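Undergrad: Quick one: structure below, then a few questions.
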Amino acid sequence: MIKLLAKIENNIKRVMGWCPQKDFDFMQAEDTKHRTDMHDFCAGYGDMQKKWREKVLVDVPVLDSGMIRILLPVGIVGFMLMIIVNHYSILDFFIIFAYYLALLLVVLQNRTTVEFTDSTIIIHRPILRSIVIQKNEVIKTQVIKNVSHTTRWILRIVELIILVFLATHNINAIYINIEQSLPTLVTLVNIFSMPLVTVIVAILFYNNEIRMHYQASLHVATSKMRQFNFYVDNPDEFSVRLQHTGEVTLDG
């Protein structure tokens, strides 16, 4: 009876296409896949050790930043159009809107991310291209005291007074403009353009405010005459990551 059951079982397995070698091959394949996955993970982990990113506020050289290529044409074109077109038109909205977009770009450039590799330091910025610094180009790093941090409370009071003054002036000017019997297009263009100076000053104060938090910055000079400021909590430790070939100095 036992032999009969064993024979039936073997016949069923044969019909289903089973053979002992397949089980052995399957076990080997699973073991190979497991070892391959572990190898891929370790290789990926090794790559992660070679480069990493972190959010760091960086001041880049003006000529190297790419901002002039955007801000200068916008300023020149807008100024020329205002001279050529000596009457109010729908074009004025596009000119003013271009100025606001340019100012927005200035704000976004504070959202920098620094990527470190074995040989490079890459500064990533929104919209604009990344800036690459070769580590062997770094000739000097210097920790500089942040004067804005020391005098931050005085600066904040002065900035607040200036912003309140400008905002009050804008509100009064807008109110007077609305009260006058001017064409609707003229009124809208004036209301849209009047806060522009206040927005520019507010952005300058904002850029200064986010830098006030840091007691010092790391000034980096390269052999290509480029200079950068990295705002970090521990500039000395950050300098070590640069793996530069120059000297480290402390300012004060």
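The values are calculated or read from the model by the stated rules, or taken from the named source; none is laboratory data. Remember, it's a predicted structure, so these values are computed and weren't measured experimentally. Backbone-built Cβ (ideal geometry, glycine too); neighbour counts: all protein chains shown. When the accessible area is computed, the model is the full protein with side chains, heavy atoms only, and any ligands, DNA or RNA have been set aside. Shrake-Rupley method; radii C 1.70, N 1.55, O 1.52, S 1.80 Å.
Undergrad: Restricting the search to region 67-106, which residues are hydrophobic (A, V, I, L, M, F, W, C) and within 19 Å of VAL186 (Cβ to Cβ)? Show your work before the answer.
TA: Step one: filter region 67-106 for residues hydrophobic (A, V, I, L, M, F, W, C), giving 67-68, 70-72, 74, 76-77, 79-85, 90-91, 93-98, 101-106.
Passing the criteria: LEU81, MET82, ILE83, ILE84, VAL85, ILE90, LEU91, PHE93, PHE94, ILE95, ILE96, PHE97.
Undergrad: Restricted to region 171-196, and to residues that are touching a residue at least 60 places away in the same chain (Cβ under 8 Å) and in contact with a helix residue (DSSP H, G or I) (Cβ under 7 Å, 6 or more places away or on another chain), which residue is farthest from TYR99 (Cα to Cα)?
TA: VAL189
Undergrad: Given region 44-162, what helices (runs of 4 or more DSSP H) lie entirely inside it while holding 3 or more residues that are of a type in the set (Phe, Trp, Tyr), closer than 26 Å to PRO195 by Cα and more than 14 Å from the chain's Cα centre (by Cα)? Full working, then the answer.
TA: On the way: elements: 62-65, 67-84, 91-108, 147-150.
So the answer is 91-108.
Undergrad: Do we have ILE139 as free of Cβ contacts under 8 Å to residues at least 40 places away in the same chain, more than 15 Å from VAL56 (Cβ to Cβ) and open to solvent by 70 Å² or more (accessible area, probe 1.4 Å) here?
TA: Numbers: free of Cβ contacts under 8 Å to residues at least 40 places away in the same chain: no; more than 15 Å from VAL56 (Cβ to Cβ): yes; open to solvent by 70 Å² or more (accessible area, probe 1.4 Å): yes.
Against the criterion (free of Cβ contacts under 8 Å to residues at least 40 places away in the same chain, more than 15 Å from VAL56 (Cβ to Cβ) and open to solvent by 70 Å² or more (accessible area, probe 1.4 Å)), ILE139 does not qualify.
Undergrad: I've got another one for you. Go through region 70-100 and give me each residue that's among the aromatic types (Phe, Trp, Tyr), open to solvent by less than 60 Å² (accessible area, probe 1.4 Å) and farther than 15 Å from ILE200 by Cβ.
TA: Of all residues in region 70-100, those among the aromatic types (Phe, Trp, Tyr) come to 79, 88, 93-94, 97, 99-100.
From what is left, the residues that are open to solvent by less than 60 Å² (accessible area, probe 1.4 Å) are 93, 99-100.
Of everything in region 70-100, just one residue is among the aromatic types (Phe, Trp, Tyr), open to solvent by less than 60 Å² (accessible area, probe 1.4 Å) and farther than 15 Å from ILE200 by Cβ, namely PHE93.
Undergrad: Only residues that are surrounded by 14 or more Cβ atoms within 10 Å (Cβ to Cβ), within 24 Å of LEU155 (Cα to Cα) and of a type outside the set (A, V, I, L, M, F, W, C): list them for region 187-214, please.
TA: Passing the criteria: PRO195, THR198, TYR206, ASN207, ASN208, GLU209, ARG211, TYR214.
Undergrad: Could you check how many residues of region 101-110 are more than 16 Å from PHE205 (Cα to Cα) and open to solvent by 50 Å² or more (accessible area, probe 1.4 Å)? Let's see the steps before the verdict.
TA: Step one: filter region 101-110 for residues more than 16 Å from PHE205 (Cα to Cα), giving 101-102.
Next cut, open to solvent by 50 Å² or more (accessible area, probe 1.4 Å) only: 101.
Selection size over region 101-110: 1.
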